[in-house]
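Okay, so here's the structure we're looking at.
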Amino acid sequence: MTLDEILSEIGGFLACATPDAWVEEALKQQEILLIDHANCEKKAATTAMNLLYKHVDREDLLKKMSQLAREELLHFEQVIAIMRERGIAYRHVSSSRYAAGLREAVRKGGENELIDVLIIGAFIEARSCERFAKLAPLLDSQLEKFYRSLLRSEGRHYQDYLGLAQQYAKESIQPRVAFFRALEGELIEQPDTEFRFHSGVPTAA
């Protein structure tokens, strides 16, 4: 698939586009954007590693999650390098409610839990890809080039997660995809007092 085709597919996969108000806030808070972007890459690698440890009997999952973890850690290193060049200290910032809000809906135990975790992974990667694409043309040349360079890998990660979910499910995953699509859209469109990479519509504290 071409990059345009991947972005078009992701646009159809997500329930809503990123609100313009979030994009405007991201341009104002680029330091927090980069810090939380680094955090997101680190968390994505951790998620992949957790799946590696938990599902040692699934060869396709091991291969794809191993590759994904390496790519996410490389992206983490790249974000940290850009921050260093700009004199931005990597520091703790609180997490957004986005990923936690999705994970609260995971069914516990066995195949159902794995399927839900994989579907959530697909939505997180798809939203990241969509936001990189929205931001890239509006940023300085260095960040534009960097964010554009992430689009294909993030798009592939979305496809890998979704493909694994369907592969391991005993029935169609579409009802669970529809459930998480609605939930993810609600989290993106709800107001948030703290700006983060996956936060909702910015509002005054």
Of the conditions (1) surrounded by 18 or more Cβ atoms within 10 Å (Cβ to Cβ); (2) of a type in the set (Gly, Ala, Ser); (3) under 16 Å from residue 20 (Cα atoms), residue 155 fails just one. Which one is it?
(3)
Do any residues in the stretch 152-180 that are outside any helix (DSSP H, G or I) have Cβ atoms under 6 Å from those of residues that are surrounded by fewer than 21 Cβ atoms within 10 Å (Cβ to Cβ), where the two are at least six apart or on different chains, and which pairs are they?
173/166
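Can you tell me which residues in the stretch 187-205 are without any contact (Cβ under 8 Å) to a residue 24 or more places away in the chain and outside any loop (DSSP other than H, G, I, E, B)?
The answer is 191, and nothing else.
Take the residues in the stretch 158-180 that are aromatic (Phe, Trp, Tyr) and surrounded by fewer than 19 Cβ atoms within 10 Å (Cβ to Cβ), then tell me which one is nearest to residue 113 (Cα to Cα). Write out each step before concluding.
Residues of the stretch 158-180 that are aromatic (Phe, Trp, Tyr), as a first pass: 158, 161, 168, 179-180.
This time we only want the ones that are surrounded by fewer than 19 Cβ atoms within 10 Å (Cβ to Cβ), so: 168, 179.
Values: 168: 11, 179: 14 Å.
Among residues in the stretch 158-180 that are aromatic (Phe, Trp, Tyr) and surrounded by fewer than 19 Cβ atoms within 10 Å (Cβ to Cβ), the one nearest to residue 113 (Cα to Cα) is 168.
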Could we say that residue 18 is surrounded by 13 or more Cβ atoms within 10 Å (Cβ to Cβ), β-branched (Val, Ile, Thr) and either within 16 Å of residue 154 (Cα to Cα) or touching a helix residue (DSSP H, G or I) at 6+ places or on another chain (Cβ under 6 Å) (or both) here?
yes
Which condition from (1) touching a residue at least 24 places away in the same chain (Cβ under 8 Å); (2) surrounded by fewer than 17 Cβ atoms within 10 Å (Cβ to Cβ) is the one that residue 68 breaks?
(2)
Given the options 4, 60, name the one that is more than 30 Å from residue 112 (Cα to Cα) and assigned to a helix (DSSP H, G or I).
4
Have a look at 100, 105, 133 and point out the one that is under 29 Å from residue 5 (Cβ atoms) and either surrounded by fewer than 21 Cβ atoms within 10 Å (Cβ to Cβ) or not polar (S, T, N, Q) (or both).
133
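Residue under question is residue 88, and the condition is that it be hydrophobic (A, V, I, L, M, F, W, C), closer than 16 Å to residue 37 by Cα and in a loop (DSSP other than H, G, I, E, B); does it hold? Explain how you work it out, then say what you get.
Working: hydrophobic (A, V, I, L, M, F, W, C): yes; closer than 16 Å to residue 37 by Cα: yes; in a loop (DSSP other than H, G, I, E, B): yes.
Yes: the conditions hold for residue 88.
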Could you tell me whether residue 127 is surrounded by 21 or more Cβ atoms within 10 Å (Cβ to Cβ), assigned to a helix (DSSP H, G or I) and modelled with pLDDT of 95 or more?
yes
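The values are calculated or read from the model by the stated rules, or taken from the named source; none is laboratory data. Everything quoted here is computed from the prediction, not taken from an experiment. Virtual Cβ from ideal backbone geometry, glycine too; neighbours counted across all protein chains shown.
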